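Read through the structure below, which is laid out as structure tokens, and then see the notes.
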Amino acid sequence: MSVTDIPTKTEPRERGAVSAWLSMLWADKLAFFAALFLLIVVICALFGPLMFGDLATRQNLRGRNAPPFDLERGWAYVLGADALGRPLLLRIIVAAQNTIMVAAGAVLASAIIGCGLGLIAGYSRKRAAQWIMRLGDVIMSFPSLLLAVIVLYMLEPSVANIIIVLAITRIPVYLRTTRAEVLEIRERMFVQAAKVMGASDRRIVFRHILPVVLPTLITIATLDFAFVMLAESSLSFLGIGIQAPEITWGLMVSQGRQYLTTAWWLSFWPGLAIILTTLSLNLLSNWLRIALDPAQRWRLEMRGRKNG
Amino acid sequence: MADHLLEVCDLSVEFHTAAGTVKAVQNVNWHLDRGETLAILGESGSGKSVSASAVMNLIDMPPGKITSGRILLNGQDMLKMTAEERRRINGAKIAMIFQDPLAHLNPVYSVGWQIAEAVVTHGGPKDKAKARALDLLRRVGIPEPELAMGKYPHQFSGGQRQRLMIAMALACKPDILIADEPTTALDVTVQAQVLALLEELQAETGMGLLLITHDLGVVAEIADRVVVMNGGCIVETGNAAEVYRNPAHPYTRKLIDAAPGKGAMPEERDRSGAPLLEAVKLQKHYGAFHALKGVDLTIMPGETVAVVGESGSGKSTLARAILRLDDPDSGSILYRGQDLMTMHPRELFGLRRDLQMVFQDPTQSLNPRMTVFQLIAEAWVIHPDILPKREWKARVAELLEKVGMKPEHARRYPHQFSGGQRQRIAIARALAMQPKLIVCDEAVSALDVSIQAQVIKLLDGLRREFGLSYLFIAHDLPVVRDFADRVIVMKSGQIVEEGPVRQIFDNPVQPYTQALLAASLDPDPEVQAARRIAREELQQRIPA
Amino acid sequence: MKTFIGKRALASAISLVGLVILVFFLSRLTGDPTNLYLPLDASLEAREQFRELHGFNDPLIVQFARYVGDLLRGDFGQSIRQARPAMEVVLEAFTWTLWLAFITMTLVTVAAIIIGSLAAFKVGGIFDRIATFFSLVGASAPDFWLAIVAIVIFAVNLHWLPTSGTGTALHWVLPVAVLFIRPFGLILQVVRGSMITVLSSAYVKTARAKGVRTRPIIFVHGLRNAMLPVITVIGDQAAAILNGAVVIETIFGFPGIGKLMIDSILLRDFSVVLAAIMVSALAIFIMNLLIDLAYAALDPRIRY
């Protein structure tokens, strides 16, 4: 006896899509605050360098390694200052741009390429599909972080190169997921029904298959965003990622490392920024997995009604 | 008062769902005695398996909640027992088997281990448990029982898997066996064998058998008493034959009337003139499996041709080959004299309009992310010459009314409808193409009996209105009897027998057709009793 | 099975050849390491001698041909930095990493499976919520940051543990503990999700109807089925550590393959880099093979 056997009359609730999503987000408090935090991070990434670019790079030798929570110097120094007396809070806000840009660029590029290749590999039975899968296997058997280390050391560690290296290593994730889903969806009855109607391959792929794959891909991409951010931070930390005077959170942790015993805050705050952002992404991904699944969505809708 | 073996008194169960609280069963009363068979009959959503789940302590709480009632086993209230006491009863005193045995057997353990586990769980010694498992396998008729002990569930056929479930359930010689739709997914001949096995075992052990089913035929075949449920309530209780003859409740009457296979069979049609569709010597292999072994078929304009057969007979492959969803290896398919196999893709695209299909499971054949309007109008997106865009809205409304739905349904998504309504949407979508032939692949098999009757009626009406032809693929003979003009019986990729519906049902020539007819269950217990005798005679004539 | 292994081996071999060629030429393009090894005031002759000794004077293609020729004879070249055979250097470092990976992954697997299964048994319960939250935090934490925070707390302030290096068992505590956190968080999530699916499956219902006790339902009926997706993730994580827990090894001064690789790249010790890549590629290949065998052993429906 499963719950689905019971006749349930669900009247279609005429509500705006936006407010429906917001109420589902509100139903999961953790995801709600995660989304809010990510929104702030994105705003920082977009406007931070424009607004605080000068302040964040102005050196102030008297304020070297100024401790946090000291409001005498003004709100910019609330988290303390770095070894050159630059305000940490503003530097974190400014560094958000590079950090987010690298991760977003890599995720977007790998998701689009991986998904495209996965659609081809899953839908066509031709030899091309074979080659694409082999390519995926080859990339998978590369030690990814190591590959990044080698390539970045040999090439210039610019933002573009970092994005390319990280994107290549993440392509197989999307390729495999998309292909596996397409192989299954292709056999579903509604795809067969479209074929009987004479729908073209393009219509079947983009109108019938892609919309069903998309929720899974969005969920994975959110999770992957966190992964790529950590990878980029590791590279920056090792000194082969983005180079000073450009800044990212990982680089800031690395720069503060030598003052660990005397000024812990130099490494602590940017590290906290990384952990909070990745945690938010993970929480949001968990929420998306439920919200985008029509069979599970009721959990959120129910909770939302109870609470609201 | 004398205690019954098992008695359910005044039981009510609720479930908390997204749409609010659902009362799954309300104030249900029934009892079961030693050696008798009680059937709980109901359609999907009637709550027929809820009380059995309550007996087995299988209701997840939450979301479920038992709000009232008692469940008495030999006079003791099981709802007052601890979880550990309940666990000791499960499998030892009361055992249960389910529909879909493949999903209900653990895929990663050998069947011998799984049967022995039932014995060991209730304190049996390990070495004896193995011997007992072997005995049971032999008893339920699994071939080569010693070898079968070490095999895994996926290595058996559907009927054998249900026998394995039965063996596992009987491991501790329970007083009561609960069977939840035990034969639903099985072929008719296998169904008859499994039901016969259950009866034999009951006679041997004297256990009480509780059978949960949607099928009047199963009730007629095996039940002593029947409980009819609708919307979570019991509407009627009584002797099975008595209830069939004099149903007291209107719902029971409706259910009996909806059972297929009782109407007048259509007259034979004139088959001269040019056929609408003709398949010649179709062959299809799937690897080493020979799915179609030279199948011929003709469909005349306005005619309904039914293809019946058991699973693996190739009937669905035939349907898919005709629509060129799966190209046959050889043979030709002539539509109005033109060969679809050699046709240019562009011409074939034009012909797609004339040949449409309605699938078995409307839940899967409708894209869940499209509205009803988008689903139906997709026909005109693909074939823009059928209808100019400004007329789409009106035409969708018209089609929805034609299949018995409302124009305002066009804005909704498939999951907001019931199974029967979804199949109506699928039919409306096929009609949007203005087809000449609709292939129905088990189009009513997944539906409840009363809904089934409505959909058949709808299809029949549309045939007359639009002069449609149908190729009707089914495993269920009685459904075909009321609806088809001609019947083709298939077995292992070949046509065994073909003819007008009267001839096949009244004077079947081939033993296989006779066996199929004898195995199919009639809702009338008296007819069924007569059929059982005929079947036993047949069994002596042809070896399995 | 044989063709299956063969196909796998071929894919790995192709990618390895590609990687070796790529690294060989890319690394040569960045210039030769003479200036890194000889003092600034070294004479031109001495420089020339160094180049001649390590063969940097020949055209690239000749250098490559010589390298491949040596490879075929089983010679992986010399480490410039340590003046020892490159393979010897690599294998020494790899043994350290292998131990690190083995100890960490054993702890991770046991802990994640037990805690994940118990969390899945009562979804939404207090134990489940705490386990889920901490696993999410664990999966989100950057390991380099955890490492330096741990050093400040446990080594610098409390003086409980050594900051870096090897020697005693205590030296292993911090690297293992920090490496443990991320895979533990990830695998716990997967165990929990997989277990939730399995525990609501039809065969678990059958087991309940048979009267099987709760613990065997989770750990006998449930776990073996739930392990299939888990194994893949365990393999990925183990491979990641085998590949060189570069960051952790660098921070804790742990002489593993990750640290070796970084140091060798920075000092352009080409033979060591290439040998290290080959060894870790082989390790990954064996790792994946073991995962596939584990799949077949757990699920009788899988046959290669």
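The values are calculated or read from the model by the stated rules, or taken from the named source; none is laboratory data. Everything quoted here is computed from the prediction, not taken from an experiment. Neighbour counts are summed over all protein chains in view; Cβ atoms, including those assigned to glycine, are modelled from backbone coordinates with ideal geometry.
A compact table of results
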read-out: Boolean, C:Tyr67 is at pLDDT below 80 and either over 20 Å from the mean Cα position of the chain (by Cα) or not assigned by TED's automatic domain parsing to the domain that holds C:Asn243 (or both); value: no
read-out: Check on B:Pro107, free of Cβ contacts under 8 Å to residues at least 24 places away in the same chain and not hydrophobic (A, V, I, L, M, F, W, C); value: no
read-out: Qualifying residue in the range B:321-333 (condition: part of a helix (DSSP H, G or I) and surrounded by 17 or more Cβ atoms within 10 Å (Cβ to Cβ)); value: yes
read-out: Selection within the range C:113-128 - surrounded by 14 or more Cβ atoms within 10 Å (Cβ to Cβ) and within 11 Å of another protein chain (Cβ to nearest Cβ); value: C:Val123
read-out: Any chance A:Leu260 is surrounded by 21 or more Cβ atoms within 10 Å (Cβ to Cβ), at pLDDT below 85 and over 20 Å from the mean Cα position of the chain (by Cα); value: no
read-out: Lone unmet requirement of (1) within 21 Å of B:Asn367 (Cβ to Cβ); (2) free of Cβ contacts under 8 Å to residues at least 60 places away in the same chain; (3) surrounded by 23 or more Cβ atoms within 10 Å (Cβ to Cβ) for B:Gln416; value: (3)
read-out: Single residue of the range B:366-389 satisfying the filter (within 11 Å of another protein chain (Cβ to nearest Cβ) and in contact with a Pro (Cβ under 9 Å, 6 or more places away or on another chain)) that is farthest from B:Leu458 (Cα to Cα); value: B:Arg369
read-out: Qualifying residues in the range A:8-67 (those that are part of a helix (DSSP H, G or I) and charged (D, E, K, R)) - the one modelled with the highest pLDDT; value: A:Lys29
read-out: Residue match in the range B:413-431 (condition: hydrophobic (A, V, I, L, M, F, W, C) and over 29 Å from the mean Cα position of the chain (by Cα)); value: no
read-out: Meets criteria (surrounded by fewer than 20 Cβ atoms within 10 Å (Cβ to Cβ) and in contact (Cβ under 8 Å) with a residue 60 or more places away in the chain) for C:Trp172; value: yes
read-out: Residue in the range A:132-142 that is away from every other protein chain (no Cβ under 14 Å) and either over 30 Å from C:Ala283 (Cβ atoms) or assigned to a helix (DSSP H, G or I) (or both) present; value: no
read-out: Count - residues of the range B:499-537 that are outside any helix (DSSP H, G or I) and touching a helix residue (DSSP H, G or I) at 6+ places or on another chain (Cβ under 9 Å); value: 7
read-out: Pair list, Cβ under 7 Å, 6 or more apart: the range B:118-129 residue hydroxyl-bearing (Ser, Thr, Tyr), other residue not in a loop (DSSP other than H, G, I, E, B); value: B:Thr121/C:Lys210
read-out: Residue identified as assigned to a helix (DSSP H, G or I) and farther than 22 Å from A:Asp293 by Cβ among A:Leu183, A:Leu223, A:Leu166; value: A:Leu166
read-out: Conditions (1) out of contact with any helix residue (DSSP H, G or I) (no Cβ under 8 Å at 6 or more places or on another chain); (2) surrounded by 20 or more Cβ atoms within 10 Å (Cβ to Cβ): number failed by A:Trp131; value: (2)
read-out: Close pairs from the range C:40-66: first assigned to a helix (DSSP H, G or I), partner surrounded by fewer than 14 Cβ atoms within 10 Å (Cβ to Cβ), Cβ under 7 Å, at least 6 apart; value: C:Arg51/C:Asn57; C:Gln63/C:Gly55; C:Arg66/C:Gly55
read-out: Search result, residues across the range B:277-320 that are out of contact with any Ser or Thr (no Cβ under 6 Å at 6 or more places or on another chain), modelled with pLDDT of 85 or more and farther than 21 Å from B:Ala484 by Cα; value: B:Lys281, B:Leu282, B:His285, B:Tyr286, B:Phe289, B:His290, B:Lys293, B:Gly294
read-out: A:Arg176 being within 14 Å of chain B (Cβ to nearest Cβ) and surrounded by fewer than 21 Cβ atoms within 10 Å (Cβ to Cβ); value: no
read-out: Tally of residues being among the charged types (D, E, K, R) and not in a helix (DSSP H, G or I) across the range B:77-91; value: 1
read-out: Selection within the range B:263-301 - acidic (Asp, Glu) and touching a helix residue (DSSP H, G or I) at 6+ places or on another chain (Cβ under 9 Å); value: B:Glu267, B:Glu268
read-out: Within the range B:345-358, considering residues that are touching a residue at least 24 places away in the same chain (Cβ under 8 Å) and more than 18 Å from A:Arg207 (Cβ to Cβ), the one farthest from the other protein chains (Cβ to nearest Cβ); value: B:Asp354
read-out: Condition check for C:Phe94: farther than 30 Å from C:Phe270 by Cα and surrounded by 13 or more Cβ atoms within 10 Å (Cβ to Cβ); value: no
read-out: Helices (runs of 4 or more DSSP H) enclosed by the range C:206-283 - at least 2 residues per element that are touching a residue at least 24 places away in the same chain (Cβ under 8 Å), at the interface with another protein chain (Cβ under 8 Å from one of its Cβ atoms) and not small (Gly, Ala, Ser); value: C:223-242
read-out: Residue among C:Val17, C:Val23 that is within 14 Å of chain A (Cβ to nearest Cβ), of a type outside the set (S, T, N, Q) and closer than 30 Å to C:Thr166 by Cβ; value: C:Val23
read-out: Meets criteria (away from chain B (no Cβ under 14 Å), part of a helix (DSSP H, G or I) and surrounded by fewer than 18 Cβ atoms within 10 Å (Cβ to Cβ)) for A:Asn98; value: no
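Residue-by-condition table, conditions (1) surrounded by fewer than 16 Cβ atoms within 10 Å (Cβ to Cβ); (2) among the small types (Gly, Ala, Ser); (3) farther than 17 Å from B:Val188 by Cα:
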site: B:Asp482; (1), (2), (3): no, no, yes
site: B:Tyr512; (1), (2), (3): no, no, no
site: B:Pro523; (1), (2), (3): no, no, no
site: B:Glu526; (1), (2), (3): yes, no, yes
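Residues are listed down the side, and each one gets a yes or a no for (1) more than 14 Å from chain C (Cβ to nearest Cβ); (2) buried (at least 22 other Cβ atoms within 10 Å of the Cβ); (3) within 18 Å of B:Ala169 (Cβ to Cβ):
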| site | (1), (2), (3) |
| --- | --- |
| B:Lys48 | yes, yes, no |
| B:Asp60 | no, no, no |
| B:Gly64 | no, no, no |
| B:Asp77 | yes, no, no |
| B:Arg86 | no, no, yes |
| B:Gly91 | no, yes, yes |
| B:Ser110 | no, no, yes |
| B:Ala116 | no, yes, yes |
